[in-house]
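See below for the structure under consideration.
Here, each number is a calculation from the coordinates, and none is a lab measurement. None of these values were measured; they are calculated from a predicted model. Using ideal geometry, Cβ is built from the backbone for each residue, glycine included, and neighbour counts are taken over all protein chains shown.
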Amino acid sequence: MKSIWLPLGRLVAAAFLASGANAYAHEAISAPTPEGGLGWQVLASSEVIPWQDEGTGREHIRPGFSPEVLALRDKPVTLAGFMMPLAEGEEGRRHFLLFASAPDCLFHMSVGPTQFVEVRTDRPVEPTERALVLRGTMRLVDENKGGVFYRIDHGQLVSVL
């Protein structure tokens with residue numbers, strides 16, 4: 001599956017660099033913070049650091065994780081967000097993006113990498129336009145050339161809002 005993420009990471013990084021750090025897909029339709037759960041404002045507290053590869057001249061982004069986010073590394077978290085499957089069928093119901101705000105579509109995304117999380121679940125999750133509450137293990141992606149900063153592994157659906 002790594003082959004999916006390199007192009008997706010580049011797409012998200014390019015969209016982020018073109019649109020600016022504080023853009024949102026739909027500010028009016030944001031996921032609430034689950035009771036006792038993680039709020040998107042914590043994930044948004046990380047810095048997005050643009051940099052240019054001197055050898056190729058290509059622009060990239062890398063994470064500058066805030067202390068609050070660093071404290072979440074490999075810890076269980078509960079997070080609410082909006083699902084965007086990455087594939088059709090069962091694979092897309094087990095591997096998807098979770099957004100802070102309801103996404104418009106992949107080609108009109110204007111969110112930065114602090115506003116979505118890549119999720120892998122143990123069981124398929126039925127796609128819905130409503131916000132989902134998921135529980136899983138938070139992984140921080142320490143890569144210099146990517147657009148994905150956060151992953152949740154072993155995700156489990158808690159509820160649909």
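What the table below lists for this structure:
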quantity: Amide H contacts under 5 Å for TYR150, placed H, 5+ residues apart; calculated: GLU118, VAL141
quantity: Highest average packing first - 150-161, 84-95, Cβ atoms within 10 Å; calculated: 150-161, 84-95
quantity: Cα gyration tensor category, rounded, prolate or oblate, for segment 27-161 with a/c compared to 1.5; calculated: prolate
quantity: For segment 113-128, 3J(HN,Hα) per residue [Karplus equation, 6.51 cos²θ - 1.76 cosθ + 1.60, θ = phi - 60°, Hz, x = Gly/Pro]; calculated: x, 8, 10, 8, 10, 7, 10, 10, 10, 7, 10, x, 10, 5, x, 8
quantity: Amide H within-cut-off set for MET83, under 5 Å, with H built and near neighbours excluded; calculated: PHE99, THR128, LEU132
quantity: Residues with amide H under 5 Å from that of ALA44, placed H, sequence gap 5 or more; calculated: none
quantity: At most 13 other Cβ within 10 Å, DSSP loop - GluC sites (Glu not before Pro), segment 113-161; calculated: GLU129
